[in-house]
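> Before I ask anything, let me first share the structure, which is written out below as structure tokens.
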Amino acid sequence: MAKSATGKWVSRVGASGGSKAYKKERPSNYYAVLILIVVLGLASTVLARYDYQHPASAASGTPPAVGTTWFAALSVDACGESLPYIKSDASSSIYGIKTLTDNVIEVSPISSADSGNHATLAQYGVETPGLVLGSTELAIPTAAGTANSATTYKNGELCPGKGKSKYPNKAAQVVYAYWDSFAQKKPILTTNPASIHFVQDLRVTMAFVPKGVTPAPPSTTTVNAMVQYQAASATTTTTTPISVTTTTTAGATTTTTPTTTTTPTTTTTATG
């Protein structure tokens, strides 16, 4: 059977390995691709070697991790007046960031949704029924966890009149003040609750105040309660083996007796 014209052409190209013209016209990015493959291969090798030599740093992430328990102190300031404590939801098992008594926040992540970089004040708002934390709106829920128009504040609204607030009839705005440690005297101010990442001993005030007003920190009662929660959580019970050696006429016999030691953490009471 005679070969077709197409078949003859394919045979010629296969036998010659391509024309000289084709070889001369090889794409200019051919060598760039080869270099890129080599560079990526070297980078992968270096990274793998680093991960092997530094397993702890490679596996570490941003705290708090699931299983961690931290505590923070909270306050809500509306035109210079502290609002009642947010209702405790300590019994809730579906959230990792929740309110305890005396406006203490427990940060005990249960999933990636509220651990690491997601453990923020904004996430606390998500996990607290009825609480709305925004850059222009602050809504504090009722004891039943439902919306409450009386404690819902939006930028530009006026504070209550004389005798009902510290800043009567002044336009106010939502702001969040926080202190990362007891040593910090001046708070950091922000309008973005997602930028406030929980740390141990965090104090935070969610406020609706006139521009230029710096909110006060959480009360001494709340801070002391936070410290007490920390002390209770940090108290550990450990078992330490103590070896007691006795000698008999037939030889030496060693007996190990475990001793249980309870180590409480010293409670520090914050004042001021």
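The values are calculated or read from the model by the stated rules, or taken from the named source; none is laboratory data. Everything quoted here is computed from the prediction, not taken from an experiment. Using ideal geometry, Cβ is built from the backbone for each residue, glycine included, and neighbour counts are taken over all protein chains shown. What goes into the accessible areas is simple: the full protein's heavy atoms, side chains included, and nothing from ligands, DNA or RNA. Shrake-Rupley method; radii C 1.70, N 1.55, O 1.52, S 1.80 Å.
> Select from region 121-175 the residues that are loosely packed, with under 15 Cβ neighbours inside 10 Å and in a helix (DSSP H, G or I) and list them in ascending order.
Ser149, Ala150
> Between a residue in region 72-100 that is more than 17 Å from Gln173 (Cβ to Cβ) and any residue that is surrounded by fewer than 19 Cβ atoms within 10 Å (Cβ to Cβ) and β-branched (Val, Ile, Thr), which pairs come within a Cβ distance under 7 Å, given they are 6 or more apart or on different chains?
Final answer for the pair search is Ser88/Thr101; Gly96/Ile110.
> Could you go through region 147-155 and let me know if any residue there is under 30 Å from Thr69 (Cβ atoms) and among the β-branched types (Val, Ile, Thr).
Scanning region 147-155, I find at least one residue that is under 30 Å from Thr69 (Cβ atoms) and among the β-branched types (Val, Ile, Thr), so the answer is yes.
> Anything in region 59-88 that is open to solvent by less than 50 Å² (accessible area, probe 1.4 Å), part of a strand (DSSP E or B) and under 16 Å from Thr222 (Cα atoms)? List them, or say none.
Trp70, Phe71, Ala72, Ala73, Leu74, Ser75, Val76, Asp77
> What residue, of Pro258, Pro241, Pro215, is at pLDDT 95 or above and more than 20 Å from the chain's Cα centre (by Cα)? Walk me through it before giving the result.
Details: Pro258 fails: at pLDDT 95 or above; Pro241 fails: at pLDDT 95 or above.
Pro215 is the lone residue from the list that is at pLDDT 95 or above and more than 20 Å from the chain's Cα centre (by Cα).
> Would you confirm, using the coordinates I've provided, whether Ser91 is modelled with pLDDT of 70 or more and open to solvent by 80 Å² or more (accessible area, probe 1.4 Å)?
Working: modelled with pLDDT of 70 or more: yes; open to solvent by 80 Å² or more (accessible area, probe 1.4 Å): yes.
Yes, satisfied.
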